[in-house]
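The next block holds one structure in the form of structure tokens; read it before the comments.
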Amino acid sequence: MPPRRYPTVRQKRLGAELRRLREAAGLSGEQAADALECSKGKISRVENGMSGIRIAELKALLQAYGVDDGDLVQALVEMAREGRRRNWWNQYESVLPPGFADLAELESKALSLHSWETILVPGLLQTPDYMRVLFRRGRLEPPEAEVEAHVRGRRHRQQIVYDGDETPELWFVLYEAVLHAQFGGPDVMREQLLHLTQMAQRDQVTVQVLPYTTESHRGVNGPFGIVGMPDVGMDVVRTETALSSLYVQDDAQVVAYKLMFDQLRAVALGPGPSLKLIRDLAERLRF
């Protein structure tokens with residue numbers, strides 16, 4: 001079976017920007033196709049993020065749209081290059097869900113990753129055995145080879161935590177239920193909690209716990225992650241459904257999620273007390 005192909009976040013952002021520029025220039029899809037000497041279908045695929053675009057074609061379109069802002073042209077050229085470049089996550093396209101490539105691509109460029117979790121330990125902080133439990137429960141009797149492919153993909157993602165100066169700022173707020181859930185039994189959970197304490201002591205990693213006793217908080221609608229990107233206005237919010245990840249890029253909504261995250265970490269335990277709570281719970285699982 002050939003690998004499944006899905007648009008990357010960069011391709012989708014580039015396509016949306018090209019559609020905006022075409023409409024601002026007052027051109028139809030047919031006129032854009034004429035300028036590029038291609039089919040209208042190709043213009044549609046590029047604008048929908050389903051197809052990449054060569055640099056020469058991109059520049060020809062921007063010229064047809066009257067775009068003469070050098071900084072904008074260069075930013076779009078870089079988006080096009082990234083969208084066509086093959087990266088480590090491409091090797092998992094045939095077995096992992098479509099949101100995986102988007103998430104890996106975003107994380108590889110991120111300056112910060114902020115996450116609110118209500119049930120599961122964040123993927124970047126999971127142990128292999130914890131992952132295996134989750135992946136096996138995700139569907140009925142998955143082939144073991146597929147489970148291990150998921151584990152390898154997630155562990156590859158985790159390398160950003162160990163990249164030294166290249167590591168983004170990682171900030172996790174966990175509802176206390178995350179620490180009590182019994183995924184895989186006491187041994188798996190104890191190993192996972194101990195790993196969590198080790199990760200929480202790394203530079204650029206902050207872990208806070210929101211206790212059960214907190215009377216009210218802003219995270220009742222479920223977990224989410226905020227990916228802080230280097231380009232102004234490019235930050236993305238990730239939310240989860242039962243079958244896939246959804247990416248929110250509307251500026252007003254992103255700002256609302258950032259405010260929500262700030263309110264959550266303001267009422268959560270500080271990093272020190274959070275670390276002590278996690279250690280205490282791990283110690284209870286020893287017996």
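The values are calculated or read from the model by the stated rules, or taken from the named source; none is laboratory data. This one's a predicted model, so the numbers in the text were calculated from it and none came from an experiment. Methodologically, a virtual Cβ is constructed for each residue, glycine included, from the backbone with ideal geometry; neighbour enumeration extends over all protein chains shown.
General observations
- Residue that is surrounded by the fewest Cβ atoms within 10 Å (Cβ to Cβ), among those in region 163-185 that are under 20 Å from the mean Cα position of the chain (by Cα) and part of a loop (DSSP other than H, G, I, E, B): D163
- The listed residue being touching a Ser or Thr at 6+ places or on another chain (Cβ under 6 Å) and among the β-branched types (V, I, T), out of V209, V173, V133, V188: V209
- Test: residue in region 204-224 that is in contact (Cβ under 8 Å) with a residue 40 or more places away in the chain and over 26 Å from A256 (Cα atoms): no
- Cβ pairs under 9 Å, 6+ apart, first in region 118-142 and outside the structural domain of V209 (by TED's automatic domain parsing), second modelled with pLDDT of 95 or more and surrounded by fewer than 17 Cβ atoms within 10 Å (Cβ to Cβ): none
- On inspection, A75 fails the criterion of being in a helix (DSSP H, G or I), more than 23 Å from the chain's Cα centre (by Cα) and in the same structural domain as L18 (by TED's automatic domain parsing).
- Here G26 clears all of (1) in a helix (DSSP H, G or I); (2) at pLDDT 90 or above; (3) not aliphatic (A, V, I, L, M) except the condition numbered (1).
- Verdict on M199 being within 23 Å of the chain's Cα centre (by Cα) and under 19 Å from V121 (Cβ atoms): yes
- Residue match in region 138-154 (condition: of a type outside the set (G, A, S), in contact with a His (Cβ under 7 Å, 6 or more places away or on another chain) and over 21 Å from R265 (Cβ atoms)): no
- Of all residues in region 62-72 being surrounded by 13 or more Cβ atoms within 10 Å (Cβ to Cβ) and touching a residue at least 12 places away in the same chain (Cβ under 8 Å), the one that is farthest from the chain's Cα centre (by Cα): A64
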